[in-house]
1. Once you have the Cα-Cα distance between R69 and S31, take 0.36 nm times their residue separation minus that, and quote the gain in nm to one decimal.
2. Nothing charged except the Cβ atoms of Lys and Arg (+1) and of Asp and Glu (-1): what's the magnitude of the dipole of the chain about its Cα centre? Round to the nearest 20 debye.
3. Could you list which residues have their amide H under 5 Å from that of T76, counting only those 5 or more apart in sequence or on another chain, with H placed in the peptide plane?
4. Before anything else, pin down the relative contact order of region 1-68: Cα pairs under 8 Å, at least 6 apart, normalised by residue count, whole percent.
5. Is it possible to state the helix-based mean residue ellipticity at 222 nm for the chain, with each DSSP H run of 4+ residues giving -39500 (n - 2.57), the sum divided by total residues, to the nearest 500 deg cm²/dmol? What is it?
6. So for region 25-123, taking the charge dipole from beta-carbon charges (+1 Lys/Arg, -1 Asp/Glu), which of Q74, Q103, S122 sits furthest toward the positive end?
7. Let me know the Kirkwood hydrodynamic radius for the chain, please, with Cα pairs as the basis and the value in Å to one decimal.
8. Name the long-range amide H neighbours of L43: under 5 Å, sequence gap of 5 or more, or other chain; modelled H, no Pro or chain starts.
Amino acid sequence: MNKYYFQEGAVLLPEYLVDGTVNLLAPRPGSLGLTIAITRDELDPGEDLDGFISRQMGDVAKQVAKFSRQPSQQATLGRAAKPNGVKFKLSYKQQGRFTYHIQAIFLVPDGAKKTLGFAFTSHAEITPEQEKLADEILASYVPHD
């Protein structure tokens, strides 16, 4: 059994279960702020971070219209001494509406093949101020003890 922590506490779970939770942080109505989704995933056997991102983006591109992805940039989560992940912008049209993202994905530094992803989402093009806010949120990350 493994101890699994979540916001409100912890439970013991069998080892075959993996964390696939999503934290969804939605803006207050009328605020026009970004929606933030924090996701956890595992790499497939033999997969690296670039392969994981290619696989995930390939899956998205098959499900939506007008999919567009900008090149990846190095990104830093928290106070790491050097970049420890990547971020990129993407957009697509789904159900007649465009969606714009800043996506940032990091390997969890525990040696396991796990990722921690942050998607900053809007139905209007991402502004420079929103991009700065996303960077500030990523920089504010502090891992639990």
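1. Going from the current span to full extension adds 11.0 nm.
2. Computed about the Cα centre, the dipole is about 500 debye.
3. N84
4. 18 percent
5. About -6000 deg cm²/dmol.
6. About the Cα centre, the residue reaching furthest to the positive side is S122.
7. Value: 16.6 Å, from the Cα pair sum.
8. K114, T115
Only the coordinates and a few stated rules stand behind these numbers; no lab work does. Note that this is a predicted model, so its numbers are computed, not measured. Note that we place each Cβ from the backbone using ideal geometry, even for glycine, and neighbour counts take in every protein chain shown.
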